[in-house]
Amino acid sequence: MSTTIMGEAILYFGISQSLFAAVLMFIKRPLNIADKILGIWLLTFSIMFVFNLVKLDAGVVDKGVWPIFVTISITFPSFLYLYSKYITNVYQSFIKTDYLHFLPALAGLIISALVYDPKINSIQSFSDHYSQKTITMAIVAFILFACILFYAAKAHIFIRRYRKQIRDFYSFKSHRINLNWLRVILFSFITLHYLIIPISRFYQHIPIDFNLDNFRNLAYLIFVYIISLWGSKQKQLISDPIPEQITPKTEKEEEEKSNRYKKSGLKDDQAEHHLKKLIDYMNNSKVWKDPELSLAKISEDIDIPKHFISQVLNEKLKKNFYTFVNEYRTEYAKQLMIMPQYKNWTILSIAFECGFNSKTAFNIFFKKHTNMTPTEYKKKHTGE
């Protein structure tokens with residue numbers, strides 16, 4: 001297969017996959033803001049693939065069409081950051097000031113437009129003209145470098161702080177809520193661009209037969225497959241609002257943690273009332289048997305705001321939501337393991353009956369809660 005044919009195949013796959021994935025995101029139900037952001041990002045990828053296909057058919061050199069490619073690329077860090085922000089925080093609508101995060105792309109476009117020659121009348125002339133604008137190219141490339149570092153850092157903070165809070169909002173562990181896939185996307189994104197940019201600068205001097213366009217487009221195609229596959233499965237996550245900051249200090253994080261609920265407005269008698277209502281609900285409904293129980297579900301069922309439940313658990317019981325729920329599950333498991341009618345049940349069956357979603361999670365929490373493994377506990381109390 002020739003290099004051109006291979007390049008066209010990659011681009012056609014890229015166009016079809018990004019468009020198909022964008023449609024899947026927009027028809028997803030419930031459709032949240034993060035899904036819309038990811039859908040628009042995928043549409044932007046399709047535009048880039050279409051542009052590269054036109055460039056390939058026209059036979060122009062890569063170096064001469066960088067204004068269009070780089071301008072599109074500058075939007076990618078902003079999309080990654082905004083998706084990370086809105087998937088880890090529940091917002092009722094898109095914050096208007098977040099449109100400002102696309103100003104770097106606009107700046108790159110304006111800088112490129114300032115050196116545009118109105119006499120250009122063909123794609124080849126466009127290519128020849130811009131291939132000579134090395135200073136402008138360096139400025140726009142710097143904007144791209146800066147955006148990648150800046151927005152990757154901001155996205156990482158949202159993901160990291162969400163993962164620190166995850167036990168306050170979920171009673172289980174799962175790939176659907178841990179955002180490991182988005183962390184992989186984040187570091188892959190950084191690696192990809194910091195490979196592409198130096199290679200783009202020096203690839204003409206590489207002493208091997210190397211097609212930069214095919215490498216770059218294939219990397220983007222793989223990237224699109226990953227974000228479309230996982231993004232279509234990802235549900236809206238819940239967490240405490242995360243302040244806009246880049247590098248929080250450890251001491252500041254501890255201060256935020258200690259002052260977390262000072263401005264909540266929850267009085268002590270109200271907290272006691274909420275706690276009693278919560279415990280009564282847990283005892284009577286046995287909702288903890290739900291292996292995917294979340295704070296949001298309990299909040300809806302007992303009509304108490306999520307942050308109040310979290311505050312009551314942390315201040316009154318000194319526990320996070322994960323520990324609170326799994327203690328119910330563990331206590332129930334201890335009862336089942338010594339009851340004659342459950343004598344022939346396996347440890348895994350008991351774990352699932354109690355609401356744990358895996359044997360590993362059950363073993364780890366049981367050992368932490370009782371200082372014994374489930375098998376040791378059963379043997380001690382039944383003599384088996």
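Condition first: closer than 26 Å to ALA361 by Cα, modelled with pLDDT under 90 and among the hydroxyl-bearing types (Ser, Thr, Tyr). Can you find one or more residues in segment 283-290 that meet it? Lay out the reasoning, then the answer.
Filtering segment 283-290 for residues closer than 26 Å to ALA361 by Cα gives 283-290.
If we keep only those that are modelled with pLDDT under 90 as well, we get none.
No, every residue in segment 283-290 fails to be closer than 26 Å to ALA361 by Cα, modelled with pLDDT under 90 and among the hydroxyl-bearing types (Ser, Thr, Tyr).
Being touching a strand residue (DSSP E or B) at 6+ places or on another chain (Cβ under 7 Å) and of a type in the set (S, T, N, Q) narrows it down to one of SER294, SER349, so name that one. Steps first, please.
Details: SER349 fails: touching a strand residue (DSSP E or B) at 6+ places or on another chain (Cβ under 7 Å).
Going through SER294, SER349 in turn, just one is touching a strand residue (DSSP E or B) at 6+ places or on another chain (Cβ under 7 Å) and of a type in the set (S, T, N, Q): SER294.
Within segment 5-32, count every residue that is surrounded by fewer than 20 Cβ atoms within 10 Å (Cβ to Cβ) and of a type in the set (Ser, Thr, Tyr).
So the count comes out to 2.
From the list LEU293, LEU278, which residue is more than 27 Å from the chain's Cα centre (by Cα), open to solvent by less than 20 Å² (accessible area, probe 1.4 Å) and modelled with pLDDT of 95 or more?
Values: LEU293 fails: more than 27 Å from the chain's Cα centre (by Cα).
Result of the check over LEU293, LEU278: LEU278.
Is it the case, given these coordinates, that ILE190 is β-branched (Val, Ile, Thr), within 25 Å of TYR225 (Cα to Cα) and open to solvent by less than 20 Å² (accessible area, probe 1.4 Å)? Before you say what the answer is, go through the steps one by one.
Working: β-branched (Val, Ile, Thr): yes; within 25 Å of TYR225 (Cα to Cα): yes; open to solvent by less than 20 Å² (accessible area, probe 1.4 Å): no.
No, not satisfied.
Enumerate the pairs (first residue in segment 1-26 and free of Cβ contacts under 8 Å to residues at least 60 places away in the same chain; second residue anywhere and assigned to a helix (DSSP H, G or I) and among the aromatic types (Phe, Trp, Tyr)) with beta-carbon separation below 8 Å, excluding pairs fewer than 6 apart on the same chain, so at least 6 apart or on different chains.
ILE15/PHE49
Filter segment 276-286 down to the residues that are basic (Lys, Arg) and assigned to a helix (DSSP H, G or I), then identify the one that is nearest to LYS316 (Cα to Cα).
Start the filter on segment 276-286 by keeping residues that are basic (Lys, Arg), which leaves 276-277, 286.
Subsequent filtering for residues that are assigned to a helix (DSSP H, G or I) retains 276-277.
Details: LYS276: 11, LYS277: 13 Å.
Checked segment 276-286; the qualifying residue nearest to LYS316 (Cα to Cα) is LYS276.
Taking segment 340-383 on its own, how many of its residues are open to solvent by less than 50 Å² (accessible area, probe 1.4 Å) and at positive phi?
Total meeting the criteria: 1.
Any idea which of (1) in a loop (DSSP other than H, G, I, E, B); (2) at pLDDT 90 or above is the one PHE150 doesn't satisfy?
The single condition PHE150 does not satisfy is (1).
So which residues in segment 85-113 are open to solvent by 80 Å² or more (accessible area, probe 1.4 Å) and either on the phi > 0 side of the Ramachandran plot or touching a residue at least 12 places away in the same chain (Cβ under 8 Å) (or both)? It would help to see each step written out before you state the result.
The first filter runs over segment 85-113 and keeps only residues open to solvent by 80 Å² or more (accessible area, probe 1.4 Å), leaving 90, 92, 96-97, 99-100, 103, 106, 109-110.
Once the filter is applied, which keeps residues that are open to solvent by 80 Å² or more (accessible area, probe 1.4 Å) and either on the phi > 0 side of the Ramachandran plot or touching a residue at least 12 places away in the same chain (Cβ under 8 Å) (or both), segment 85-113 yields VAL90, LEU109.
Every residue, every condition in (1) over 30 Å from LEU295 (Cα atoms); (2) modelled with pLDDT under 85; (3) not in a helix (DSSP H, G or I), yes or no:
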residue	(1), (2), (3)
VAL184	no, no, no
SER200	yes, yes, no
ILE208	yes, yes, yes
ASN217	yes, no, no
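Does LYS36 qualify as being among the basic types (Lys, Arg) and crowded, with 18+ Cβ neighbours inside 10 Å? Give the steps one after another, and end with the answer.
Numbers: among the basic types (Lys, Arg): yes; crowded, with 18+ Cβ neighbours inside 10 Å: no.
In short, no.
Can you give me the number of residues within segment 307-333 that are surrounded by fewer than 20 Cβ atoms within 10 Å (Cβ to Cβ), in contact with a His (Cβ under 8 Å, 6 or more places away or on another chain) and over 15 Å from TRP288 (Cα atoms)?
Adding up the residues that qualify gives 1.
The values are calculated or read from the model by the stated rules, or taken from the named source; none is laboratory data. What you see is a predicted model; the values in this text were computed from it and never measured. All Cβ positions, even for glycine, are placed from backbone atoms using ideal geometry, and neighbour counts span all protein chains on display. SASA here: full protein model, heavy atoms, side chains in, ligands and nucleic acids out. Shrake-Rupley method; radii C 1.70, N 1.55, O 1.52, S 1.80 Å.
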